[in-house]
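Shown next, in C-alpha cells, is the structure this report addresses.
The values are calculated or read from the model by the stated rules, or taken from the named source; none is laboratory data. Just so you know, these numbers come straight off a predicted model, no measurement behind them. Positions of Cβ are backbone-derived with ideal geometry, glycine not excepted, and every protein chain shown enters the neighbour counts. Just the protein is used for accessible areas: all its heavy atoms, side chains included, with ligands, DNA and RNA removed. Shrake-Rupley method; radii C 1.70, N 1.55, O 1.52, S 1.80 Å.
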Amino acid sequence: MTVALPTVVFVDDEERILRSLRMLFRGRCEVLATTSGDEAIAWVRQKRVHVVVSDQRMPEVSGVAVLRAVARHSPATMRILLTGYADLDAVTASVNDGEIFRFVEKPWDAQHLLGIVDQAAQIALKDFAAPARPAALASADVAAARILVLDEDGAVAGQVRELLPHAIMVRHASSIESALEILAEEDIAVVVAQLTSANGDVAAALKELKRIRPALLAVVISPLRDSRVVIGLINEGQIFRFLLQPPVKELLRRGLIAALERHAELRAAAQLQHRHIVEAPRDAQASLAGRLAHYWQRIRDSKLTRGARVG
C-alpha cells in the first residue's frame, strides 16, 4: 500500500533557492515550488497543502502576506517563514498576522530545516484527517475565561481591564513566583507578559510554561526592538502576539479577544494543541526550569494537603 506523501509548497523569488529546496526534500514530500506568492495561494485554495514555507522579502508580495492568506484559506496548513533578513517588522508581523509555526533564518541548516518541515507536515496530516474544527464559540465561552497579566507596577493590567468587558476576569502578578501561584490555583487562558529584558526570567518562563501547558496563550508587550528575542519567543514559546510598548490600544484589544477565542477553540478540540509544540530552547536556563518545576510542584502539593485537611 502506497503511503501518500505530504504536500509542501516553497515560495522564494530566487530560483537557485528553490532548486536547493527541491533537492533537499526530494522523496520526502510532494514538492511544489514557485517564485509567485499568488500562485502559492492559488495552490492552497485548489488542493490540500500541508505546509507552506515562504521567503519574506519578495518583489511582489511579502512572505507574511502569503502566510496570512494561507491561514485564511486553509487554517490546517502549517506555515513557516524562511528568510535571510530578520528585521523586527517582518518577525513581528509573522506572529501577529501569519501565526507561523516556525521562523527559520537563511542560510539554513539542512537537518534542522528537514526536521521542522517534517514535524509541521505530520501535524498537518493529523489535522486534515481529524473532524472539522469547532464552529464559532459563543461569547459566554470567551467571557468565562481568565487573563493573567505579569507586570511589575500593574499599569498593563489596568489597561487590559479597561479594554475588556467586565465579565472577563483579569488577574495581576508582579513576579514570576506570584504568577505561578495564580496559574496553579486558577484556570488561566491567556498570559499577558511585560518583557523588559532580553535575558530575564520572563522570556524563559513563557517558553517553559508553553511546553507544560500548550493551550496557554501568551501576549508579550515589550520595549525591546530585538528581532532575535521575538524569534526565540516564536520558535521556543509559540507566543500568540508580540506588541511594542506602549501598545496601540485597539491592537491589544483585538489580540486579547483573538487569544481568548483561540484558547476556547483549543479547549474544545484538544487535538489542536499539537500545533503549539515548541522547540527546545537553544540557551536553556536549567536553573530557571528547575525552579519553575519545583515551585509548581510545591504549589500542587500544598493544594493537595489543604484538600486532605478539609476532607
Note to self: Suppose we filter ASP187, ASP201, ASP151 for residues that are among the acidic types (Asp, Glu), modelled with pLDDT under 90 and either open to solvent by less than 10 Å² (accessible area, probe 1.4 Å) or closer than 26 Å to ILE257 by Cβ (or both); which single one remains?
What the structure shows: ASP187
Next item on the list: Quick one: which residue in HIS263, HIS274 is open to solvent by 50 Å² or more (accessible area, probe 1.4 Å), part of a helix (DSSP H, G or I), touching a residue at least 24 places away in the same chain (Cβ under 8 Å) and on the phi < 0 side of the Ramachandran plot?
Entry: HIS274
Note to self: Out of the residues in region 212-243 meeting the condition of being charged (D, E, K, R) and crowded, with 18+ Cβ neighbours inside 10 Å, tell me which one is farthest from GLU99 (Cα to Cα).
What the structure shows: GLU236
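Is it the case, given these coordinates, that ALA129 is loosely packed, with under 14 Cβ neighbours inside 10 Å and either among the aliphatic types (A, V, I, L, M) or within 18 Å of the chain's Cα centre (by Cα) (or both)? Quick ask: steps written out before the conclusion?
Details: loosely packed, with under 14 Cβ neighbours inside 10 Å: yes; either among the aliphatic types (A, V, I, L, M) or within 18 Å of the chain's Cα centre (by Cα) (or both): yes.
Yes: the conditions hold for ALA129.
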Check: Among the candidates GLU162, GLU177, which residue alone is over 17 Å from LEU256 (Cβ atoms) and part of a helix (DSSP H, G or I)?
Finding: GLU177
Check: Failed condition for ASP55, given (1) of a type outside the set (S, T, N, Q); (2) within 22 Å of the chain's Cα centre (by Cα); (3) at pLDDT 95 or above, with all others met?
Finding: (3)
Notebook entry, point to check: Across region 200-243, what is the total count of residues that are closer than 22 Å to GLY154 by Cβ and in a helix (DSSP H, G or I)?
Noted result: 6
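Among the residues of region 82-106, write down those that are over 13 Å from the mean Cα position of the chain (by Cα) and assigned to a strand (DSSP E or B).
The initial filter retains those residues of region 82-106 that are over 13 Å from the mean Cα position of the chain (by Cα), namely 82-90, 104-106.
Scanning region 82-106 gives LEU82, THR83, VAL104, GLU105.
Looking only at region 28-55, which residues are in contact (Cβ under 8 Å) with a residue 40 or more places away in the chain and open to solvent by less than 30 Å² (accessible area, probe 1.4 Å)? It would help to see each step written out before you state the result.
So in region 28-55, the residues in contact (Cβ under 8 Å) with a residue 40 or more places away in the chain come out as 28-29, 47-55.
Within region 28-55, CYS29, VAL49, HIS50, VAL51, VAL52, VAL53, SER54, ASP55 meet the criteria.
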Next item on the list: May I ask you to list the residues in region 56-89 that are over 17 Å from ALA42 (Cα atoms) and either of a type in the set (Asp, Glu) or open to solvent by less than 10 Å² (accessible area, probe 1.4 Å) (or both)?
Entry: ILE80, LEU81, LEU82, THR83, ASP87, ASP89
Next item on the list: Could you please let me know if ALA173 is at negative phi, surrounded by 20 or more Cβ atoms within 10 Å (Cβ to Cβ), modelled with pLDDT of 95 or more and in contact with an Asp or Glu (Cβ under 7 Å, 6 or more places away or on another chain)?
Entry: no
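Here is a list: ARG72, ARG45, ARG19, ARG28. Which entry is among the charged types (D, E, K, R) and part of a loop (DSSP other than H, G, I, E, B)?
Details: ARG72 fails: part of a loop (DSSP other than H, G, I, E, B); ARG45 fails: part of a loop (DSSP other than H, G, I, E, B); ARG19 fails: part of a loop (DSSP other than H, G, I, E, B).
When all the criteria are applied, what remains is ARG28.
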